[in-house]
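Q: Quick one: structure below, then a few questions.
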Amino acid sequence: MEAEVKDQLVSIEKPELIAPPNWEPVIMGILCNWCSYAGSDLTGTSRIQYPPNIRIIRVPCSSRVDPWFLIKSLQTTADGVLVSGCHPGDCHYISGNYFARRRFLVTKKLLNFVGFHENRIQFSWVSAAEGPKFAKVVNKVTEDIKKLGPLHLYKKENFEKK
Amino acid sequence: MARVGVFVCFCGANIADYVDVPQVVEEVKRIKEVKFATEYKYMCSDPGQGMIRDAIIQYKLTSIVVAACSPRMHEKTFRKALSDAGMNPYLLEVANIREHSSWVHQKDKKAATNKAMDLCRMAVAKSIANEQLHEISVPVTKRALVIGGGIAGIQAALDIADARIPVVLVEKSPSIGGKMAQLDETFPTLDCAQCILTPKMVDVASHPYIELIPYAEVLELQGFVGNYKVKIKKKASYVNFKTCTGCGACWQKCPVKVPNEYNMGIDKRKAIYTPFPQAVPNKPVIDAENCTMLTKGKCGICKKVCLPGAIDYEMQDEIIEREIGAVVVATGYDMWDPTPYEEYGVGRFKDIITSLEFERMVSANGPTNGVPQRPSDGKVPKNVVFIKCVGSRDEAKGIEYCSKICCMYTTKHTILLHHKVHDSHAYVFYMDIRAAGKGYEEFVKKAQVDTGTTYLRGRVSKIYKKGDKLMVRGEDAQIGQVVEVEADLVVLATAVSAPKDNPELARLLGISYDKYGYLSEAHPKLRPVETAKAGIFLAGCTQAPKDIPETVSQASACAAKVCGLFSGDTMKKDPMVSTINNEYCSGCQNCVKVCPYGAIITDEVPVGHGIKDLRTVAKINEGVCQGCGSCVAICRSMAITLAGFTDPQIINEIVSI
Amino acid sequence: MNYTKQIQDIAAKLFAEGKIDVFVGYRMNGFDENQVPVLITDPQDVSKLVFTDKSVFNLVNYLKTDHTRRKRVGIVVKGCDSRSLNLMLTESQVKRENLYVVGICCEGVVDDAGEKMQNCTDCMVPDAVVSDEMLGTAVSGSGTLTYKKNADIVALAEKPLTERAAYFEEVFENCIRCNACRHSCPLCYCAKCCIDQETATLYNGANTTSAAFHALMTWSLHLAGRCVDCRNCEKACPSHLPLHLLHKQNESVIYENFQEHLAGVIPEDRGAFYKYSLKDPDDFIM
Ligand SMILES: Cc1cc2nc3c(=O)[nH]c(=O)nc-3n(C[C@H](O)[C@H](O)[C@H](O)COP(=O)(O)OP(=O)(O)OC[C@H]3O[C@@H](n4cnc5c(N)ncnc54)[C@H](O)[C@@H]3O)c2cc1C
Ligand code: SF4
Ligand code: SF4
Ligand code: SF4
Ligand code: SF4
Ligand code: SF4
């Protein structure tokens, strides 16, 4: 336990001390099918380059995202999460992203309250036309998380298991 | 144990140049569930698909991962390959290693390869939790309900019926026709509204596929797309339409006179009446509020004069039930009441009328035989002031939006005035002239030249009486001065507003409406005729103010949608829908609140085996569910499962890398 | 605050009139000053009922049991308890017509040391919001309610992130995964709690800090916008986890961002996650 806390301390202040050489963060990206996933496809077809740290999960709508997806990601494989959906008013399912937005704010604040840096939990609205925006978002999230270093909180057991 | 086959695509050079495909194949082979992995130039080509088919059979695979382009590209193609090999198509997962890796990490092959491996691991993990799914087929009742018999409802009903689909057309008033039946000539071509409308009305009445239910309202709608049940209340007309010949003896003899709605109250009609001579159906109804026989039991003249004996004072409202598969809502619009414009003297000065009243006056079949008259003294007006945007674009007194049609019909009115009263002069106070539409700007320009109308840009601030004239004071913003015009008659282009009973109708249909009361479309750009509820469509002004050409286009679009829906005996639906596990559901009904489509209803199930007591649980109608997953994420006890995106599938993806 | 007599009388009357099958109240525990909940089915036993500032538990929790479900129940509720009852009603867990509710104008209850409980000193809705009969004189002033942010979460929020992380890691490490918190919460009435479901991967097995973290985070989010701060959960926790921190944190975010009222005060009002407003904050999203 103590060692873990220390890890966290060091990792926040001096990532290079704790981050193994060539460490690359893993970012779990959860994208809605109709806007953000389509937008990320467009980033690809437009050959816009972005850092290779994000792993993408496709869901029908941002409203499918249960907060435990974020919690689970952070305590197992990810150093940060990005959830992206349709802009307000553009939800393919009319109101999904409005319900999701409430949960996202509360979840982000709660995770931050119990010790996760707020930049580890990020959200964006990316439309199917916003290929460049998706690249920008991924750039920002990756940079933010690189600065924070690896996330060890609540991961110990999972690491041991691996 | 799962047996997964992985097929990694080169996509020519698209993937292979930036991702080390053979290395990806080697890596995925190390996953213990993967029993077969291979690579190919173009997985989507025939030989590529053939490889999938062969491997399924040879290696007894239980799920398939294709690592290639985006699933939005070729998911369908590969699903088909699975079907062809006798495997359930939904056991496929696609790892998007082109759009999400090779194309976006072109400068770092190692990183792109690593990422491709992770994406494959995730897809393999997810596919292990995939379940066999089957396309849902929902039976459809091929009959459409059209609510509202204005031009929108008429057009939709005719188009649908012409495709040999039965239509039930419900109209609130005694005749179909709507507002268009009150118009004289129509912009931008000035053809007479009656001449183009009445043939259509007659077609409705005689169409073998249309059941017209006039003088009726919808009471209740139950069910879901393809399978609705509607309850309609047919108000008592006190006239047996089967025996009535429409001879008119009754209304000629009826002694009770009431303001005539069709002519905007300018003249009178009787208590037994047809709204206008060309009415469809051309049978009278008794207005129960004003008939003295029905209110006080005195009179009975109509019954005496009716030779076929069609009058029945005992008639009751009737409830009609029909099974239908789709609904077109076409309830039109109301005219906005200009009373808040006190400074204009609305209500105090008789010679201020609304545009629809003017429309009736200039109409050849109108109360003044087509020549405008001053309500105060019956004189023919010479100087007429038209005021536009009365109520429209006025947040303070009226409504924020532009009513869209007033600029055009006011232009039309200046022409009609000019035709009917040759020595007249028209003045138009306006904010802007909005003439966007085919031939509209030309129409306005030509009218300005032909009629010599004076256009004054600015709002009217006050109207007062001087002798028997009205003095209209307003600002002419172009010269920056206050102007006063002496008028014989003032015509207000009052705003178009949503029908008053729209909110109630929307509630009973289970669709939404905006803050003004207009019914809401599913998507403002891409689904402008659908509502959020599958199988319910919108036509005409009930969705937003619009003119006749636009109304008719939307009505025909509705018809196309209805015909599409009814093109097969059953509707095919994606199986990616949600289901509720009764055992886990506590009946909190929070899911009912979040479902955007009203797909969730409640059900009663026994509390336990052999126990009679019932408890409430939620139940999803798979015919209505669109698979958004909103309910899944808010159900705390995880009682809901969304096929294709289940919790185990997503957990597997999260923990697999 | 002592309504022992009145409550005994009410219960006796309800039994005599045949209006209830069971009365849910408090009795002395029999060995010290403290009280425990009691379900009375025999009219002879109404004399056991007490109500003082030691009546700490939220009795609404007992409406989840088979002893009360589908029965006619008399129940005593303080301000916070009544809000959870309101939510139970809204979420169709109990039928109003089956209940006879004795509402208390609550002056606050005390802990073992006799100190007023923190949720009581901070209480914003002391008078029961749903009742058939009220006891005591209204405590809440007529003035508008001002939200008091919990002092503990304010203090924690001011600490550096790493300290918070360390603090909570210790908190979660102390959880023994007994699930007493869930059992004692009236709003955790699920037919089958997610924590008990076979989706074991969710919790990664049993008793680890990581599993406790996941379970308690999920649990607190299930109560977000619903928790009424009765602290039944905290009282029940054998490891004395400061569970209110999680709930108060969520409550403050919800109050400050979505709705200016507390959970359960408005009849028919659902938790904050089951509705939305177009004006909800959007600036935290890129
Ligand atoms: C003064 C004026 C002049 C105009 N001039 C022109 C013109 O020259 N050219 C042009 O293109 N457009 C013109 N318009 C616009 C035109 O009137 C509309 O575009 C058109 O009438 C819209 O048709 P609709 O079927 O949507 O609505 P409506 O004509 O209003 O028809 C709605 C029908 O639904 C019925 N109904 C309502 N509620 C219910 C219910 N709950 N149940 C059953 N039935 C119901 C009503 O009784 C009515 O019959 C003019 C409008 C005005 C006000
Ligand atoms: S949210 Fe879940 S528990 Fe509540 S009614 Fe719906 S399915 Fe049942
Ligand atoms: S998945 Fe979406 S559409 Fe289907 S029932 Fe749930 S909330 Fe409604
Ligand atoms: S009651 Fe306490 S120890 Fe038990 S599960 Fe809840 S928090 Fe953990
Ligand atoms: S923790 Fe969640 S799932 Fe479990 S009983 Fe409470 S609300 Fe239901
Ligand atoms: S979570 Fe705890 S404080 Fe909140 S309502 Fe439930 S028992 Fe009471």
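Q: List every residue pair whose Cβ atoms lie under 7 Å apart, where the two residues are 6 or more positions apart in sequence or sit on different chains, the first residue falls within the range B:589-603 and is open to solvent by 50 Å² or more (accessible area, probe 1.4 Å), and the second residue, located anywhere, is within 16 Å of ligand 6 (Cβ to nearest atom).
A: These pairs meet every condition: B:LYS593/C:ARG270.
Q: Okay, next question. Report, by residue number, each residue of the range C:7-20 that is surrounded by fewer than 16 Cβ atoms within 10 Å (Cβ to Cβ) and in contact with a strand residue (DSSP E or B) (Cβ under 8 Å, 6 or more places away or on another chain). Steps first, please.
A: Step one: list which residues in the range C:7-20 are surrounded by fewer than 16 Cβ atoms within 10 Å (Cβ to Cβ), which gives C:9, C:13, C:16-19.
Within the range C:7-20, just C:LYS19 meets the criteria.
Q: State which residue is surrounded by the most Cβ atoms within 10 Å (Cβ to Cβ) when the search covers only the range B:417-429 and only residues that are away from ligand 1 (no atom under 16 Å from the Cβ) and in contact (Cβ under 8 Å) with a residue 12 or more places away in the chain.
A: My answer is B:PHE429.
Q: Starting from the range A:123-134, keep only residues that are open to solvent by less than 20 Å² (accessible area, probe 1.4 Å), then list their pairs with residues that are charged (D, E, K, R) whose Cβ atoms are within a distance under 7 Å, requiring at least 6 positions of separation or different chains.
A: Filtered contacts from the range A:123-134: A:VAL126/A:LYS133.
Q: Another question, then. Report yes if B:SER578 is within 16 Å of ligand 6 (Cβ to nearest atom) and in contact with a Cys (Cβ under 6 Å, 6 or more places away or on another chain), otherwise no. Full working, then the answer.
A: Values: within 16 Å of ligand 6 (Cβ to nearest atom): no; in contact with a Cys (Cβ under 6 Å, 6 or more places away or on another chain): yes.
In short, no.
Q: Looking at (1) in contact (Cβ under 8 Å) with a residue 40 or more places away in the chain; (2) touching a helix residue (DSSP H, G or I) at 6+ places or on another chain (Cβ under 6 Å); (3) under 18 Å from A:ASN33 (Cβ atoms); (4) within 9 Å of another protein chain (Cβ to nearest Cβ), can you tell me which one B:ALA633 breaks?
A: (1)
Listed here are the residues, each with its yes/no results for (1) closer than 19 Å to B:ILE548 by Cβ; (2) without any contact (Cβ under 8 Å) to a residue 40 or more places away in the chain; (3) open to solvent by 40 Å² or more (accessible area, probe 1.4 Å).
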{"residue": "B:THR331", "(1), (2), (3)": "yes, no, yes"}
{"residue": "B:GLY347", "(1), (2), (3)": "no, yes, yes"}
{"residue": "B:ARG393", "(1), (2), (3)": "no, yes, yes"}
{"residue": "B:GLY398", "(1), (2), (3)": "no, no, no"}
{"residue": "B:SER403", "(1), (2), (3)": "yes, no, no"}
{"residue": "B:ILE415", "(1), (2), (3)": "yes, no, no"}
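Q: So which of C:ILE285, C:ILE195, C:ILE254 ends up being crowded, with 17+ Cβ neighbours inside 10 Å and without any contact (Cβ under 8 Å) to a residue 24 or more places away in the chain?
A: Working: C:ILE195 fails: without any contact (Cβ under 8 Å) to a residue 24 or more places away in the chain; C:ILE254 fails: without any contact (Cβ under 8 Å) to a residue 24 or more places away in the chain.
None of the others qualify; the one that does is C:ILE285.
Q: Working only within the range C:166-191, note down all residues that are within 7 Å of ligand 4 (Cβ to nearest atom), open to solvent by less than 30 Å² (accessible area, probe 1.4 Å), within 12 Å of C:ALA236 (Cβ to Cβ) and of a type in the set (A, V, I, L, M, F, W, C).
A: Scanning the range C:166-191 gives C:ALA180, C:CYS181.
Q: Could you figure out which of (1) closer than 30 Å to B:LEU526 by Cβ; (2) surrounded by 22 or more Cβ atoms within 10 Å (Cβ to Cβ); (3) among the β-branched types (Val, Ile, Thr) isn't true of A:ILE94?
A: All conditions are met except number (2).
Q: C:CYS185 versus (1) over 30 Å from A:THR142 (Cβ atoms); (2) more than 14 Å from chain B (Cβ to nearest Cβ); (3) at pLDDT 90 or above: which is the lone unmet condition?
A: (2)
Q: While we're looking at this one, here's another question. Just to be sure, is A:SER84 surrounded by fewer than 24 Cβ atoms within 10 Å (Cβ to Cβ), in contact with a helix residue (DSSP H, G or I) (Cβ under 8 Å, 6 or more places away or on another chain) and of a type in the set (S, T, N, Q)? Outline the logic, then answer.
A: Values: surrounded by fewer than 24 Cβ atoms within 10 Å (Cβ to Cβ): no; in contact with a helix residue (DSSP H, G or I) (Cβ under 8 Å, 6 or more places away or on another chain): yes; of a type in the set (S, T, N, Q): yes.
For A:SER84, the condition - surrounded by fewer than 24 Cβ atoms within 10 Å (Cβ to Cβ), in contact with a helix residue (DSSP H, G or I) (Cβ under 8 Å, 6 or more places away or on another chain) and of a type in the set (S, T, N, Q) - is not met.
Q: Looking at the range C:60-89 only, could you name the residues that are over 20 Å from C:GLN8 (Cβ atoms), open to solvent by less than 20 Å² (accessible area, probe 1.4 Å) and not aliphatic (A, V, I, L, M)?
A: C:ASN61, C:GLY79, C:SER82, C:ARG83, C:SER84, C:ASN86
Q: Looking at the range C:210-217, is at least one residue open to solvent by 20 Å² or more (accessible area, probe 1.4 Å), within 15 Å of ligand 6 (Cβ to nearest atom) and on the phi < 0 side of the Ramachandran plot? Walk me through it before giving the result.
A: Of all residues in the range C:210-217, those open to solvent by 20 Å² or more (accessible area, probe 1.4 Å) come to none.
For the range C:210-217, residues open to solvent by 20 Å² or more (accessible area, probe 1.4 Å), within 15 Å of ligand 6 (Cβ to nearest atom) and on the phi < 0 side of the Ramachandran plot: absent.
Q: So which strands (runs of 3 or more DSSP E) stay within the range B:459-527 end to end and still have 3 or more residues that are open to solvent by 80 Å² or more (accessible area, probe 1.4 Å) and among the basic types (Lys, Arg)? Walk me through how you get there before you give the answer.
A: Values: elements: B:460-466, B:469-476, B:481-487, B:489-494.
Output list reads B:460-466.
Q: Picking from C:SER82, C:SER92, C:SER47, which residue would you name as being among the polar types (S, T, N, Q) and within 15 Å of the chain's Cα centre (by Cα)?
A: On the way: C:SER92 fails: within 15 Å of the chain's Cα centre (by Cα); C:SER47 fails: within 15 Å of the chain's Cα centre (by Cα).
From the options C:SER82, C:SER92, C:SER47, the qualifying one is C:SER82.
Q: Next question, about the same structure. Take the residues of the range B:219-239 that are modelled with pLDDT of 95 or more and outside any strand (DSSP E or B): which is surrounded by the most Cβ atoms within 10 Å (Cβ to Cβ)?
A: B:SER237
Q: Filter the range C:78-119 down to the residues that are of a type in the set (Lys, Arg) and more than 14 Å from chain B (Cβ to nearest Cβ), then identify the one that is farthest from ligand 2 (Cβ to nearest atom). Steps first, please.
A: First, pick out the residues of the range C:78-119 that are of a type in the set (Lys, Arg): C:78, C:83, C:95-96, C:116.
Filter again for more than 14 Å from chain B (Cβ to nearest Cβ), leaving C:78, C:83, C:96, C:116.
Details: C:LYS78: 27, C:ARG83: 19, C:ARG96: 19, C:LYS116: 36 Å.
Step by step, filter the range C:78-119, then rank; the result is C:LYS116.
Q: Taking the stated definitions as given, is C:GLN249 under 21 Å from A:GLY115 (Cβ atoms) and away from chain B (no Cβ under 14 Å)?
A: Details: under 21 Å from A:GLY115 (Cβ atoms): yes; away from chain B (no Cβ under 14 Å): yes.
Yes, satisfied.
Q: Would you check if C:SER92 is farther than 24 Å from C:ASP9 by Cβ, modelled with pLDDT under 95 and not assigned by TED's automatic domain parsing to the domain that holds C:VAL24? I'd like the intermediate steps shown before the answer.
A: Values: farther than 24 Å from C:ASP9 by Cβ: yes; modelled with pLDDT under 95: yes; not assigned by TED's automatic domain parsing to the domain that holds C:VAL24: no.
Considered against the rule, which asks whether it is farther than 24 Å from C:ASP9 by Cβ, modelled with pLDDT under 95 and not assigned by TED's automatic domain parsing to the domain that holds C:VAL24, C:SER92 comes out as no.
Q: As an exercise: evaluate B:ALA152 against (1) under 21 Å from B:ARG3 (Cα atoms); (2) open to solvent by less than 20 Å² (accessible area, probe 1.4 Å); (3) touching a helix residue (DSSP H, G or I) at 6+ places or on another chain (Cβ under 6 Å) and give the number of the one condition it does not meet.
A: Failed condition: (1).
The values are calculated or read from the model by the stated rules, or taken from the named source; none is laboratory data. It should be emphasised that the depicted structure is a prediction, and the values quoted were computed from it without experimental measurement. With ideal geometry, Cβ positions are generated from the backbone for all residues, glycine too; neighbour counts draw on all protein chains shown. The area values use the complete protein model at the heavy-atom level, side chains included, leaving out ligands, DNA and RNA. Shrake-Rupley method; radii C 1.70, N 1.55, O 1.52, S 1.80 Å.
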